[in-house]
Structure formats: structure tokens, C-alpha cells
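Quick notes on the structure that follows.
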Amino acid sequence: MRLGVFKTKDSFTKAFKQRLKTTYYKEISESTIRERYNVLGILVKEEISKDWLNTEKLINDSEEKKVYYFSMEFLLGRLITNNLMNMGIRDVCEAGFEEMGYDLNEVEDFESDPGLGNGGLGRLAACYLDSMASLGILGYGQCIRYRYGLFRQKISNGYQEERPDNWLNDGYVWEIRRQEKSVDIPFFGYINWENQKPVYYPQEVIRAVPYDVPIVGDDNNIVNYLRLWNAEPGSKYPDHKSPFEYESELQKISGLLYPDDTTYEGKQLRIKQQYFLSAAGVKSITAEHKEKYGTLKNLADNVVMHINDTHPTLIIPELMRILLDEEGMEWDQAWEIVSSMVAYTNHTILAEALEKWPVDIIKPLLPRIYQLIEEINRRFTLDLLEKYGYGKTDLIKDLAIINDGVVKMAHLCIVTSYSVNGVAKLHTEILKNIEMKKFYDLYPNKFNNVTNGITHRRWLLHSNKELTELISSKIGTDFKSNPRELEKLIDYIDDFEFQEAFLTVKFKKKQALAAKILERQNIEINPESIFDIQVKRLHEYKRQLMNALHIMSVYNTLKARPEFKETFVPHTYIFGAKAAGTYYFAKKVIKLINTIAEKVNNDPDTSDYLKVVFVENYNVSYAETIMPAADISEQISTASKEASGTGNMKFMMNGALTLGTLDGANVEINELVGDENMFVFGMSSEEVNAVYQNGGYNPKEIYENDSEIRILLDQLVNGFFENVDRYEFKEIFDNLVYRDQYFVLKDYQAYKDACNRANETYKDRHQWAKKAIINIAKSGVFSSDRSIKDYANNIWHVNSVTKG
Ligand code: NBG
């Protein structure tokens, strides 16, 4: 039971009204949603601050190891509901609001959704923060306080347009500026050796000011934080720059997530951002440690730093710099400390995402850091020479951290880290046996797997209260703190009434999504139809294109054979996806989906059977309405390409059936539920790799021999879509016929068969419900609490501070 203003409904409403008066000089009846939101935020933050202070005290008194999770992305989503629920005060607030004549939901919806990330990797980091706090693990995020997060997507005439996401426009109620914890980050300049020691004379110094966002644990009074670093003018002003130039450069550092890196300046900015984050984090963490222990010699006993994909790799040379140059340690001692406290997670095998930065850019920008990378590389390649001998120089070049004028960030991570992990079983196997095989041969013990997870609190308890209640009515509430307990639902899979109740909840959630789509995009969809959903970043390997071609085929069949309507269950195909602003092909696919939508939705012959919706600006908040509403979860990437996927887990936990390839974590879903409770199709990862090894395949043959595919592809370029230029989709046509590097054509018929199986299965509503319930029952293992326990036990070796 909470004390303070949240103790009862009356104490809450009294405090609320009073605070509204002192903050905005207004009576409640005159207040706006924004004001009500801010006042609620302030009151909640005050309550959080008590727990926060207590947690800090707990930390000061304890010797427990802390985890610092460095990530370029954190897709937090809204925090208000999370905070209210984890603190156990949502009911009081809801009742209070009702009494005052207002709706709490409206205020919750008002919060802006900080888009400090792109997709799965950023959302994963946010789920992990929630799990660390809820499990009582002292774990903190480190990121940049981007002025603009990921762009806001606007669909205009079917095309994606990118608009700035001004999320800080009205301030951010949860953050706290910690001016006194600021650190200076030097750039450019030169190194002088004085008394045999390197002395760095930077040309400019930028100040990193932290803003801490509290991360509230579930019902355990633990408050961790996410630290967001803001770039501000520092102590050394660069002589050669005008104030405007300096100011605009500063703003860029904490300006945009992943600025365009096709130019020299763009690349330099990316590395600046990476060093800014890495150095700010490392400096503040080591300073704090030194203040407590008076030395950094025991740093690795108390701190673990996690590198989430390669963007924060520079924490490695920065740590070395501090231990060598500031603490005066010898190389071996410093290396021993650093290499026993950094761990690295790889999130992709796509070559274009494995970072390589030109020496020509790093060296002048970060002169000392570059020297240290060079020294790490020199020692590493010497070790390799000793191990493999001079006959293997090609292998050594291949493994080197610096080669051909670039620094390979993943190599620096693997060489230094004591743990390297992939994010799903299949992904880790591919890392070990293909992508990073040479490193695996060298360090077999470093490699391990932690399958991703999602916080069941946000993705089930908060966003699907109806399903949560229904589940609780059968198996009690233990699953809320121990999601593996969902397995108890297996006893009820044949319970007719339970199935019925499940279908009712699903229907309600579909109605809610339909209402949102109607309100936002003025498209009416039928909640009685199958909701077949693909939401994720737009990328060729995720094959939204295959889904789109299949929809065209359904449309063609409905038109050509009206009797098909008797067997086809009405479908609503829903897409949500942002394409990188510079990813031309992906943007074409968005235009294609919207063009298909325009055609089929407006055709009276088919519109009762087929609707297509591309939801605008898909983000975390939208996902909270979408996940609970899905019947079918499309996870159709080319096998081997999707490291894990996490949307697949959210859908599963909300009772959608997966239609997918054996890729990423789909493989593990399949192991749990079996072929009979999902729709598996397509080439396996081995088959895909074998084709790549043999130099690819010839899609043109399929185009020429498969009449259905020929018709579909021809429709892209023969005027079938009346409202677009005939050449609008020519690149898509050419890509599929002449390259098709992601096997859309090769997998198409298998995909179509799987879609047909799903259609047939759906006709027996109770059989469908049974399969959905099996999926829910088996989904507990995908809670990020399990992932975090894996990290805590097997990699970080940290304990919960709340246990016992
Ligand atoms: C993504 C993968 C997903 C995976 C998330 C989280 C990157 C670089 N990788 O499959 O594509 O689920 O990481 O691990 O964003």
C-alpha cells in the first residue's frame, strides 16, 4: 500500500486539484489535457523520487555489481501507464479522474512517444530496462538525448514522407537534468609525449550533460534510470570555428538518430556521436566508482558494461585510455580489467550493418583513441602470428581489427569482450558457424546465446487488460510475476467456454484497432474479418513485398472467380512500417502497398472480402493497440536474415498464430507450439545459404514458367494500377525478375499455400481459439524477464537486490 498522495482516491484528487492551482493557476474545470497530464506527471515523479532515493541508498550500501547497458537506441514508448501500473497506483488515479469528471486514458494517450530508436533493437533495450528494474537488478541504460527521434511518418499520395519528431517540444516530464554530473568530451587536436607520457591537446571540447529518466520496477520499490546525454558548449571553444558553426555542430551531436552517413561529414558525425555517448558514459561511471572505492583496480568486480550492437564500441579504447593515461596502469593490467568487464551482443548478420569506419576519419577526430585501437590491434595480430604462423597472413588480415584503411568495430568488440552473444538460437549458430566462424574457432568459449524477450508487463498486462483478466480467471495471477505460469492454460485449451471467452476478447481488441484506424485514417474495416498483420521496419529481407504480391493474387482470384468468395474468409491485411529515409527501394514498396490498398479497397466487387490498410506512423504506442488485435502474425523474412524478431513474440503472447519461415526466434516458437499451431513455410536457412554459396539462383526462370507469378509481376508494369505512372514499380519488377536476392519468387508458392492453410483453419473458430490459447500458454519463455535472467546468470554474473 502506498502512502503519500496516492494513498486513497480522495487524497489523490485533493492533491491533484491543489497542484493544478499552484502550477497553472486554474480550477480543474478550466484545465486542458496537457495541463492535467503534466500535473499527474509531476505528482507521480515526486512519488517515484522517494523510491529513487531509497534505491540510490541501497546501491551505496551494497557491493552488488551494476550493469550499464550502452545502446544507441531506446524505444521507450510512453512511460505513464507503465509507471502507474508498476507503482500500483493506476486504479487510484483512474478512480480519482473519474470522480473529477475526466478520463485517465485520455491523459495517458497525451504523452509523446519518445522515438529514440529505429525498431527491434531499440525496443529490446527498453524491454530490458523494464525487466532489470522489475527483477531488482541494478541496470542502467546509456544513450543520447536526441533532440529529434526517429522521424514521424506521413503518408502522402501513398508515398512516405519524413517529418521531424519534435518530442521535446513541450518538455519531457519524466527526465531530470543532472548538471553536476556533466563531463567534458574532447575532439581533434594532437598528442604530445611529455616525460614519456601522452598528453592530449584537444582542439575542441564538448560538454555532455546527463538527463536521467527513471525506470520503475514492478511493485518492488526499485527505480533504475536511463541516462540520456545532451551535447552542450564545453570548456574549450574551437578557435577556427565561428560561433554559428560551433553551435550547429553541437546541436547535431545530440540532434538526430543515425544521421545520413553517405558523406565524409556524415561519417564523422556518426563517430562523434558514438564517442560522445561512449566517453560520457565511461567517464561518469569510472568517476562514480573511484569516488566510492578510491581506485579503479577493482572496477571489473563492480561494473559490467554491455555493448548493444557495435555503436558503443568506443567504450573499449576509452576505458583503456582512462586506466592507462589517467590511472597510470600498465597495459596488461588495464587490458585484464577491460576485457573482463565488457560484453557484446550482435543483432544482425546483414553485412551492411556491420560497422567499418575509415581510419582517415577516426584518427584526426580521436587521436588518442585511435592510437589505442592501433595498439590493441598490434598486440592481437602478434598473438595471431604466434598462434597461426606466417603462412596464414590472409587469415590474420581477415581477423585484424584494422585492415584496408578501416576499423572493424565488431572485431574490436569480439577481441576485447569476455562474452559475445547472438539473440536467438539460430542466429547464434549462424554467427558461430558462418558469419564469425574464424573468431569462433579462436575463442569458442566467448560465444553464447540469449534469445530475445519482450516485457510481458507492457505487452500483455498493460496493453491487453481484458486478456489478462480472462487468463487470471482461470489460472490465478501468478503468471504476472512469473510468466512461465501461463503454461497452466494448457489445461483449458479444450474448454469450450474459455475458447468462446478468448474469441470475445479478441473481437473486442479488433474493434478497438478498427476504431483507431477509422479515427486516424478514415478507413473502415470489419472486425469480423481475419486481421492478418505485418508490422516491423520496412526492409527487403522482411519481404513485405511477398505479402503484397499475395494480396494482389487474392484480389485477382476474387475478381476472376466469384465462387472463390465462398471459401475465402474476409481478410483485412494490415501493414505498419517505416522505411529509412534514404532507402529508395523500401519506399517504393510502401507506395506499392498503398497503391494496392487504394485499388482493392475501392472495388465494390471485392471490398467486403478484402481490405488493405497501411497504418501511418507505426510506433510503440500504435503497437500496443495492434498486437492484441491480430489473428495472424506475419513473420516471413528470408530464412537466416532475421536475427530474432520480437514482434513475433508480442503477437504470440496475445494469441495470434504465426505465419512464418523458420527464421530467428520463429524457430523457437515452432519448437514450442509445433507445426500444427502455426503456419510454417519456405526455404530453410541451410537452403538459403546453399543457394548463396552457389552464386544465387535465376528468378527469371520462375517468372517465365510460373504463370501466376508472371501475371502478378506484369501487373506491376502494365497499367493495372490505373492511378500511377506505368514505370512507378519498374524497379520492383526488375529487382524480382533479375535479382531477387531475398527469394521472394522462390518462396512465393509455399507462402501462398501457408496463407491458404491459415484461411481454412480459421473457419473452425474453436479450433482456431485452441491454437491461439496454446500459443499464449507457451509464450512465457519469451518474457524479457527470462532473457534478463539469462544475461544476469550467464554473462553479467549479477544478483537481484530485492531477493531475500
Ligand atoms: C535487430 C534484428 C531483429 C532483432 C533485434 C533485436 C538490428 C541491427 N537488429 O531481428 O534485425 O529482433 O535486432 O535483437 O536492429
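Values as computed for the structure displayed
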item: Antiparallel DSSP beta bridges within the chain, as percent of all bridges there, nearest 5; result: 45 percent
item: Val92 accessible area, 1.4 Å probe, all protein chains in place, Å² to nearest 10; result: 30 Å²
item: Inter-centroid distance (Cα atoms) of the range 351-404 relative to the range 671-687, Å; result: 40 Å
item: Protection proxy ranking, peptides 280-287, 120-127, 169-176, average beta carbon neighbours within 10 Å, highest first; result: 120-127, 280-287, 169-176
item: Selected from Ile271, Phe188, Leu226, residue furthest toward positive end of dipole (the range 134-280; charges at beta carbon); result: Phe188
item: Charge dipole of the range 547-598 about the Cα centre (unit charges at C-beta), most positive-ward option of Asn547, Leu592, Ile574; result: Leu592
item: Computed FRET value (nearest 0.05) for Asp725 with Asp603, which takes r as the C-beta separation and R₀ as 25 Å; result: 0.75
item: Label-point separation, Ser473 to Asp441 (7 Å along Cα→Cβ), nm; result: 6.1 nm
item: Check: the chain dipole with +1 on Lys, Arg Cβ and -1 on Asp, Glu Cβ, in debye; result: 940 debye
item: Only Lys, Arg (+1) and Asp, Glu (-1) charged, at Cβ; the range 332-398 dipole about Cα centre in debye; result: 100 debye
item: Assigned charges on the beta-carbon of Lys, Arg, Asp, Glu; the range 475-548 dipole about Cα centre (debye); result: 640 debye
item: Separation of alpha-carbon centers, the range 49-67 and the range 175-217, rounded to whole Å; result: 25 Å
item: Contour excess over end-to-end distance, with Cα ends at Glu519 and Asn169 and 0.36 nm allotted per residue; result: 123.6 nm
item: Listed peptides 411-418, 160-167 by packing density, highest first (mean Cβ within 10 Å); result: 411-418, 160-167
item: For the chain, accessible area per residue (1.4 Å probe, heavy atoms of protein chains only), Å²; result: 39 Å²
item: Packing-based ranking, highest mean first, of 259-271, 21-33 given that Cβ atoms within 10 Å are counted; result: 259-271, 21-33
item: Aspartates and glutamates whose Cα lies under 17 Å from that of Lys432, excluding same-chain neighbours fewer than 8 positions away; result: Asp309, Asp398, Asp441, Glu642, Asp663, Glu686
item: Structure-based [θ]222 nm, the chain - -39500 (n - 2.57) summed over DSSP H runs of at least 4, per residue, nearest 500; result: -14000 deg cm²/dmol
item: Cross-link reach list, lysines versus Lys283, counting only Cα pairs under 17 Å and skipping chain neighbours closer than eight places; result: Lys66, Lys181, Lys272, Lys292, Lys297
item: Sites matching trypsin sites (Lys or Arg not before Pro) across the range 733-769 that sit in DSSP coil, with at most 13 neighbouring C-beta atoms within 10 Å; result: Lys763
item: Rounded to whole Hz, the Karplus (6.51, -1.76, 1.60) HN-Hα couplings of the range 294-307, x for glycine and proline; result: x, 7, 9, 4, 9, 3, 5, 6, 10, 9, 10, 10, 9, 9
item: Accessible carbon and sulfur surface of the chain relative to its total accessible area, %, 1.4 Å; result: 47 percent
item: Percentage, to the nearest whole number, of Cα pairs in the range 25-116 over 17 Å apart; result: 61 percent
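The values are calculated or read from the model by the stated rules, or taken from the named source; none is laboratory data. These figures come from a predicted structure and were not determined experimentally. Every residue, glycine among them, receives a Cβ derived from its backbone with ideal geometry; neighbour counts consider all protein chains shown. SASA here: full protein model, heavy atoms, side chains in, ligands and nucleic acids out. Shrake-Rupley method; radii C 1.70, N 1.55, O 1.52, S 1.80 Å.
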